[in-house]
Amino acid sequence: MAGIALALLYEHLIGGFMTDEQMASALKLDEASVLPRARPRTDADSVAELIVEDPNSAYSEAVRRLRASIGFALSPSKSVTDGGLVIMVCSTTIGEGKTTLAVALARCFARSGASTLLIDGDLRDPGVHRNLKIGPSLALVDHLVRPITDTNFDTLVTTDPLSPLSVVVGAEREDISPTDLLGGRGFEHLITKARSHFDIVIIDTAAMGELADTLYVTPLVQVALLVSHWATTPQHTVKKTLRALRSAGNLSLLVIPVLAQQKERRQKPKLHFRRYGAEI
């Protein structure tokens, strides 16, 4: 009996999600998406490149299905009438695959003909530039530090080398809290302007387990993709993250959980995540 109780506890609370049906049921959501494990062409490449280099791969098809699910799930009451659609990609812990998904989904939208902007909103550990194989930039942080002015996207945006995607990459600056930047009026003004210039705005955000950063982004978006790694991320921590998203005050927020079967490759551990553990 003890063994059965332990197995049930592991399956429904401690262990990670194994299927999209299990994930949707546990989180009490209508559906969940699955991203299959995929192999990049070389060790130096990102899986997100498959959207361009191998558009008929299982991974590319899964990203396109997720793009379609977002459109189908937006009911008339949640339709976007005053600007572009803003999508946030978040996760509970680091390394779950959120940045790779953000890049892949943004490329998918851009290749479909929608004017798309990808913003690296993970100011603790920016990684979009690594996926794109370009250098980091402090332009976004410097823009948010300055008093609010009309946003000049020409000074912030670079173009993805592999697609028509417009990108605002990030860089870490340790003399100012990312929470202050993302929670300020400057970032809200940036998103408002971005919605008037682009059909789709995708924001890659910091892992939510220990940080408050993403909670300040949540009220500005219509869709949140909550990424969890297959069989690894404890179910109770994902449920806690979902409750945090719900508590951010965005009552119309559409949350779509995503089960990623591939971890994100990281250059080195970010110890400063532990230093900010008391922020929320």
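The values are calculated or read from the model by the stated rules, or taken from the named source; none is laboratory data. Since this is a predicted model, take the numbers as computed values, not measurements. So basically every Cβ, Gly included, is an ideal-geometry build from the backbone, and we count neighbours across all protein chains shown. These accessible areas exclude ligands, DNA and RNA; they are computed on the full protein's heavy atoms, side chains included. Shrake-Rupley method; radii C 1.70, N 1.55, O 1.52, S 1.80 Å.
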Notebook entry, point to check: Out of (1) touching a residue at least 12 places away in the same chain (Cβ under 8 Å); (2) more than 12 Å from SER91 (Cα to Cα), the odd one out for ALA224 is which?
Noted result: (2)
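Scan the helices (runs of 4 or more DSSP H) fully inside the stretch 98-185 and keep the ones with 1 or more residues being open to solvent by 10 Å² or more (accessible area, probe 1.4 Å), free of Cβ contacts under 8 Å to residues at least 12 places away in the same chain and farther than 20 Å from ASP199 by Cα. Show your work before the answer.
Numbers: elements: 98-111, 128-132, 139-145, 178-182.
Answer list for the stretch 98-185: 139-145, 178-182.
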Check: Can you name every residue in the stretch 145-163 that is modelled with pLDDT of 95 or more and over 28 Å from GLU53 (Cα atoms)?
Finding: none
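Is one or more of the residues making up the stretch 94-101 of a type in the set (S, T, N, Q) and either in contact with a Phe, Trp or Tyr (Cβ under 6 Å, 6 or more places away or on another chain) or at pLDDT below 95 (or both)?
Checking the stretch 94-101: not a single residue is of a type in the set (S, T, N, Q) and either in contact with a Phe, Trp or Tyr (Cβ under 6 Å, 6 or more places away or on another chain) or at pLDDT below 95 (or both).
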